[in-house]
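Below: the structure, in structure tokens.
The values are calculated or read from the model by the stated rules, or taken from the named source; none is laboratory data. Everything numeric here is computed off the predicted structure, so don't read it as measured data. Cβ sites come from the backbone with ideal geometry, for glycine too, and all protein chains shown count toward neighbours. Accessible surface is based on the protein model in full, side chains and every heavy atom, while ligands, DNA and RNA are left aside. Shrake-Rupley method; radii C 1.70, N 1.55, O 1.52, S 1.80 Å.
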Amino acid sequence: MNSNPKPNYDLIVIGGGAAGLMCTSLAAKRGKKVLLIDHNAKPGRKIIISGGGRCNFTNLNIQPDRYISQNPRFCISALKRYTQHDFIKLVKSHGLTYNEKTLGQLFCDQKSPAILAMLQEECRSDDVTMQYQCEISYVHKLSSGFEVKTSSGTVTSSKIVIASGGLSMPKIGATNFAYNIAKQFNLSLIPTQPGLVPLTLSGDKLDLAISLAGTALDCNVFLDKKTSFRENMLFTHRGLSGPAILQISSYWRESQEVFFNFLPDQNPETFLQDLRKNNPKETLGQVLKPLLPKKFIALFLCPPEKAIAQLSKKELAQINDRLFRCAIIPSGTEGYRTAEVTLGGLDTKELSSKTMEVKQVPGLYFIGEAVDVTGWLGGYNFQWAWSSAAACAESL
Ligand code: FDA
């Protein structure tokens with residue numbers, strides 16, 4: 001090789017997912033010559049399956065405290081500089097429309113492929129080369145810039161962006177590429193674990209979940225006073241799922257109890273006393289019928305057949321616990337196979353929060369899910385992908 005070769009590209013972006021596509025488009029708009037590499041045959045496979053095919057592309061209520069990280073302040077700068085409103089503007093500028101489902105979650109009316117097409121359209125430029133089905137065998141730091149050996153040849157660039165995501169859903173292309181690069185450059189990693197993932201049960205609890213599979217209910221799920229989510233939960237053949245469970249799963253640690261309040265709109269202090277006063281002759285099963293699914297009442301709560309007035313204090317206390325503070329210890333999670341995200345990843349202390357550049361390795365950047373920043377369910381993770389990509393691109 002020439003001793004002072006001109007790099008083929010200003011920038012190589014590894015990973016054509018949400019963060020990689022966004023970074024590529026913004027870098028090209030800044031006049032950079034970009035090569036985007038992905039080992040999949042097509043880009044954005046997670047975008048396509050996201051939000052049940054309708055891509056929950058952001059959330060109106062983006063706030064740093066809805067992200068999990070060893071350094072909760074790390075995401076603030078990027079989220080502030082490229083906001084949900086910036087992405088909404090981009091969506092609108094492509095003639096796409098959206099609707100708010102619940103809790104500020106925005107979904108694309110034209111479905112997920114339209115969001116992917118929009119990002120691809122944004123990347124369209126003479127300065128952008130996309131290489132798919134391309135395997136990377138190594139990344140080397142040169143005295144100036146980087147050399148990347150791929151199944152399509154060896155290329156060089158001044159800068160390199162790692163946007164290869166986390167470990168969730170290996171079936172659609174997730175790999176540990178980002179973590180291997182981190183190790184190669186002696187960068188610290190926060191241990192990973194599946195997030196936004198269904199919880200599994202075993203024994204009697206699993207038998208019960210199987211009997212109730214398909215039953216959904218609105219509840220408040222909590223680990224402690226600070227960590228609680230009011231959303232739907234769903235019984236499945238493996239255990240528990242639904243938005244409330246996915247949310248709590250990102251905070252749950254092995255062997256920890258998860259608590260459920262199945263009547264989140266009722267006052268636990270007065271609910272049963274009021275029933276005793278107002279419906280003394282009815283059974284608990286009868287009065288709960290308008291509030292909870294019939295099958296759930298029968299199988300999970302197993303209310304005594306007696307009239308409410310005849311229930312002992314002990315029975316009432318037990319029922320109160322089961323309704324408002326039911327404790328379950330899940331046996332585990334469904335793992336990366338079904339997890340929507342990966343918790344942990346590249347330690348944020350290695351990065352500049354302004355640019356996503358590795359402090360010790362100028363020219364090397366990490367963005368998106370590869371970094372130890374994980375959002376709640378509801379558009380928060382895509383917003384992190386957009387915002388971290390924009391922070392990076394702005395500094396190139
Ligand atoms: P992403 O995983 O999107 O992209 C990484 C890219 O790198 C992939 O294209 C992959 O092929 C490529 N790659 C990996 N290893 C490589 C290697 N060795 N060589 C070359 N290329 C490599 N979030 C949200 O906000 N709203 C939602 O509606 C949903 N819905 C949703 C549904 C499902 C089923 C899942 C699994 C996830 C979601 N998410 C979500 C989460 C969201 O999809 C996720 O946070 C972002 O896609 C992360 O973007 P990245 O670009 O960082 O990684």
- [ ] Only one of these is over 20 Å from L316 (Cβ atoms) and among the aliphatic types (A, V, I, L, M): L284, L291, L240. Name it.
- [x] L240
Open item on the list: I'd like to check something: does segment 352-367 contain any residue that is closer than 21 Å to I88 by Cα and buried (at least 24 other Cβ atoms within 10 Å of the Cβ)?
Closed with: yes
- [ ] Return the total of residues in segment 177-208 being more than 17 Å from the chain's Cα centre (by Cα) and within 15 Å of the ligand (Cβ to nearest atom).
- [x] 8
Open item on the list: Just to be sure I understand the filter: pairs with C-beta atoms under 6 Å, separated by 6 or more residues or on different chains, first member in segment 45-71 and more than 16 Å from S250 (Cα to Cα), second member open to solvent by 30 Å² or more (accessible area, probe 1.4 Å) and not aromatic (F, W, Y). Which pairs pass?
Closed with: G53/K111; R54/K111
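On the given criteria, is P304 more than 11 Å from the ligand (Cβ to nearest atom) and touching a Leu at 6+ places or on another chain (Cβ under 7 Å)?
Yes; evaluated as a whole, the condition is true for this residue.
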Task: Residues that are over 29 Å from the mean Cα position of the chain (by Cα), farther than 21 Å from T24 by Cα and open to solvent by less than 60 Å² (accessible area, probe 1.4 Å), drawn from segment 138-173 - done: L142
- [ ] Only one of these is within 16 Å of the ligand (Cβ to nearest atom), in the same structural domain as L323 (by TED's automatic domain parsing) and of a type in the set (G, A, S): S168, S241, S211, S157. Name it.
- [x] S241
Open item on the list: What's the total number of residues in segment 338-387 that are within 8 Å of the ligand (Cβ to nearest atom), within 14 Å of A18 (Cα to Cα) and among the small types (G, A, S)?
Closed with: 4
Task: Condition check for T97: closer than 18 Å to L377 by Cα and among the hydroxyl-bearing types (S, T, Y) - done: no
Task: Matching residues, segment 228-281, being among the β-branched types (V, I, T) and either under 21 Å from D207 (Cβ atoms) or open to solvent by 20 Å² or more (accessible area, probe 1.4 Å) (or both) - done: T236, I245, V258, T270
Task: Any hit, segment 118-129, residues being of a type in the set (D, E), in contact with a helix residue (DSSP H, G or I) (Cβ under 8 Å, 6 or more places away or on another chain), open to solvent by less than 50 Å² (accessible area, probe 1.4 Å) and in contact (Cβ under 8 Å) with a residue 40 or more places away in the chain - done: yes
TODO: Residues being closer than 30 Å to G332 by Cα and open to solvent by less than 40 Å² (accessible area, probe 1.4 Å): count how many of those fall in segment 282-292.
DONE: 1
